[in-house]
Every structure is written in structure tokens, then in C-alpha cells.
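The values are calculated or read from the model by the stated rules, or taken from the named source; none is laboratory data. Source: prediction; values computed, not measured. Neighbour counts run over all protein chains shown; Cβ positions are idealised from the backbone, glycine included.
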Amino acid sequence: MVELSSAPPPLRRTLQTVQVMRGVAALAVVAYHTHLILAQPEYGGREIFADWAAKGWVGVNFFFVLSGFIILSAHRADIGVPRAVPRYVWRRFVRLFPLYWIGLTAYVVAAWIGLGAPDFGWSWTNLAAAYLLIETGPGQTLPLKVAWTLLYELRFYIAFIALLLSPRIGLALMGAWLVGIAVSATLLPGLGGSALSLWNIYFFFGMGACLLLPRIPDILAWPVLLAAVLVLILALAPIHFSIGEGEKSAPLLLALALGFTLLLVGAVALERSTHFSMPWPLMLIGDASYSIYLVHSATLSVLALLAHRVTHDALPGPLLFALAFGLSSLAGIVVHVLIERPLLQALRHRSPVRPAATTASGDPRRHEA
């Protein structure tokens with residue numbers, strides 16, 4: 001039986017492959033939304049690089065696998081340590097909410113003064129739920145559409161607290177959740193709504209990768225990577241539809257979960273055995289992945305509107321796509337450097353809770369999401 005709280009072999013403080021994969025996942029989503037937004041009639045209705053950009057929504061799937069891996073890696077030694085909960089909650093709050101609130105407020109204010117065409121409800125209950133990332137049901141309209149994934153992230157963060165309080169209770173809760181997801185995906189479709197959606201399975205695959213990694217000998221790093229590439233090619237090849245259609249296919253979602261898990265395990269095992277370093281631009285993109293994810297869609301809409309009205313669709317399609325993709329990604333990097341990074345540093349140094357002794361808080365294996 002796997003001991004959740006047992007310490008695995010030491011790894012770098014920052015797993016560079018994980019950081020780079022976070023960046024890759026974010027850029028995949030940017031490519032997907034670049035394709036979608038440029039194809040809208042109000043922006044010229046141009047289908048550019050549709051064959052491969054339409055697959056970019058799987059970056060969300062990869063994000064969730066990475067999140068499960070990162071959270072268990074960072075807090076594995078905190079399992080069964082209730083006094084570690086306040087610090088865990090604070091760090092999750094700091095990582096998720098402040099930047100989201102800034103982006104959400106900017107978007108709401110822009111819509112309020114008449115910029116763009118807001119497609120969300122103005123009721124105080126809808127806005128309050130959006131700020132608190134509370135799911136209220138099918139009629140909910142999030143101002144920042146990309147925030148739907150944060151609802152899943154927050155649910156996982158909260159569920160993980162049970163493991164910190166008690167391994168026995170936590171495992172029972174996680175096991176029950178996993179069974180519920182399986183029942184919803186097979187016997188009773190739609191049971192439990194998003195709480196039992198198959199999207200949640202990716203966090204379990206990520207945690208599984210964390211538990212599996214110490215048992216993978218270094219010599220298997222390349223074979224695991226090759227297996228990941230094969231699985232992902234087979235899974236991605238037929239994708240030519242939106243995320244709304246893709247999430248209806250349980251076999252596809254499971255194949256992607258397996259492929260991304262193998263990719264993660266193989267890449268980290270390779271880094272562990274070779275100690276290579278990633279180029280700093282790739283690390284920067286990884287560090288900025290959350291900022292890129294939050295701001296790229298609104299930036300894309302502005303850029304697409306300007307390009308349509310100013311150039312009258314005179315720009316060649318590939319050039320338009322490259323500019324929209326590159327500038328919206330760059331906007332996220334700028335937000336990370338100027339806002340997110342200083343904000344994280346300031347808030348983490350002003351933590352209202354003291355780190356619990358004997359937890360993973362100072363462990364060199366720690367890797368924050």
C-alpha cells in the first residue's frame with residue numbers, strides 16, 4: 001500500500017519540467033482561443049490554423065493533471081498534520097484569488113463603462129458568486145469565462161484539506177469522490193453536476209503521478225515519454241471539435257488523462273536523472289502561466305476587434321494569428337512581472353499564519369502551483 005505521507009526521494013526545489021509544462025498548457029489554451037475568437041463574425045470570421053489550434057483546449061486537461069501533482073508534491077509531508085491547514089489555506093488563497101480578483105474587477109469595470117459587449121448577469125448574487133468562485137448552477141454567468149476551471153481547482157483544494165486533517169478521513173473522502181465520478185461517467189450521467197464531472201479525474205491522475213514517480217527507475221524515463229507521445233497522438237489526432245463536444249467523450253478524456261500523466265512522469269524522471277536546465281524564456285512562460293491564462297482571452301478580443309476594424313481583414317491569416325497569439329501571451333507575461341510576482345511576494349511574506357514545524361513548508365522538494 002502506498003503511504004501518502006511518506007517522503008519521496010529529494011528533488012529540486014523547482015521542477016523545471018513542471019514549470020515548462022505549465023507554460024505549454026497555457027499557450028495551448030491561448031492557441032485555442034485565438035482560433036475561436038478570430039473565427040467569430042464580429043472579428044472577421046476567419047478560420048486560421050483550425051486543424052491544430054482547435055485541439056488547444058486540452059491545455060486545460062493538462063493543467064488539472066499538473067495541479068494534482070503539484071499539490072500532493074508540495075504538501076505530502078503535511079498529510080495528517082492538522083496544524084498545517086492554516087498555512088495551506090493561506091498559500092492556496094494567495095495563489096488563486098488576488099490576481100483573479102484584479103482581473104475580474106478590471107473586466108467588470110470595463111464592461112460597466114461600455115467597453116465590449118458584456119454577456120454576464122449584473123445581479124449582486126451572480127457577481128458575488130463570481131468573486132468567491134462559488135458555483136450556483138446552470139444559470140450562472142461568469143464575467144471571466146476562463147474562471148470555470150478555477151471552480152474545479154478550488155473544489156480540489158478544499159477536498160485536499162481532509163487529507164491534512166486525517167489521512168483516514170481524507171482517503172475515504174477522496175475514494176468516495178472517485179467512485180462518484182465513475183458512477184456519474186458511466187451509470188448515471190450528469191449525477192452531481194460538475195462536482196462529479198469527469199474533469200475532476202485529472203487531479204487524481206496528477207496525484208497518482210506523484211505517487212508513481214519514486215517507483216519509476218531513471219532508465220524508464222524515455223520509454224515512459226515515448227508511451228506518452230504515442231497515447232497523446234492517438235488521442236489528439238481525431239480532435240477537431242470544441243471543448244463542449246470533447247467533454248462528452250469519456251474515452252477521450254481518460255486517454256488524455258493517461259497521456260498527460262505519462263508525459264509528466266517521464267519528463268520529471270528524466271529531469272531527476274540528468275539534472276538538465278530549461279532555457280529561462282520557457283521558465284518565465286511557466287511562471288507566468290496563471291497570468292497568461294487569466295488575461296489572454298480579453299486581450300485577444302481587443303486585438304481581434306482592432307485588427308478587423310483597422311486593417312479590414314487585410315492582414316494575411318498566419319500573420320494575424322501569430323500577432324494575436326503572441327501579443328496576448330506577452331500581455332500575460334507583463335501582468336505576471338508587474339503585478340502577479342510582486343503581489344505574491346508581498347502576500348507570502350505577510351502570512352497571518354506561522355509555518356508549522358515538521359511540515360513540508362521548508363522542504364526542498366516543495367513546488368508551488
Exercise for the section: Would you mind finding the one in G45, G121 that is among the small types (G, A, S), surrounded by 15 or more Cβ atoms within 10 Å (Cβ to Cβ) and not in a helix (DSSP H, G or I)? Expected result: G121
Problem - Boolean, S277 is assigned to a loop (DSSP other than H, G, I, E, B) and either modelled with pLDDT of 95 or more or of a type in the set (S, T, N, Q) (or both) - result: yes
Practice task
For region 335-348, state whether one or more residues are part of a helix (DSSP H, G or I), farther than 24 Å from H33 by Cα and of a type in the set (G, A, S).
Solution key: yes
Practice task
Give the residue that is nearest to R215 (Cα to Cα), with candidates limited to residues of region 245-283 that are within 21 Å of the chain's Cα centre (by Cα) and among the acidic types (D, E).
Solution key: E247
Practice task
Please specify each residue of region 124-140 satisfying the condition of being at pLDDT 90 or above and either in a loop (DSSP other than H, G, I, E, B) or under 21 Å from R92 (Cβ atoms) (or both).
Solution key: A128, A129, A130, Y131, L132, L133, I134, E135
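Here is a yes/no grid of residues against (1) modelled with pLDDT under 90; (2) within 23 Å of L232 (Cβ to Cβ); (3) among the polar types (S, T, N, Q):
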| residue | (1), (2), (3) |
| --- | --- |
| A269 | no, yes, no |
| R272 | no, yes, no |
| S289 | no, yes, yes |
| V295 | no, no, no |
| L303 | no, no, no |
| L320 | no, no, no |
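Give the residues of region 55-102 that are in contact with a helix residue (DSSP H, G or I) (Cβ under 8 Å, 6 or more places away or on another chain) and charged (D, E, K, R), sorted by residue number.
K55, R76, D78, R87, R91, R92, R95 - these are the residues of region 55-102 that are in contact with a helix residue (DSSP H, G or I) (Cβ under 8 Å, 6 or more places away or on another chain) and charged (D, E, K, R).
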Problem - Residue count, region 138-162 (criterion: under 23 Å from the mean Cα position of the chain (by Cα) and without any contact (Cβ under 8 Å) to a residue 40 or more places away in the chain) - result: 9
Handout entry: From L173, L150, residue being farther than 30 Å from D287 by Cβ, surrounded by 17 or more Cβ atoms within 10 Å (Cβ to Cβ) and among the aliphatic types (A, V, I, L, M)
Key = L173
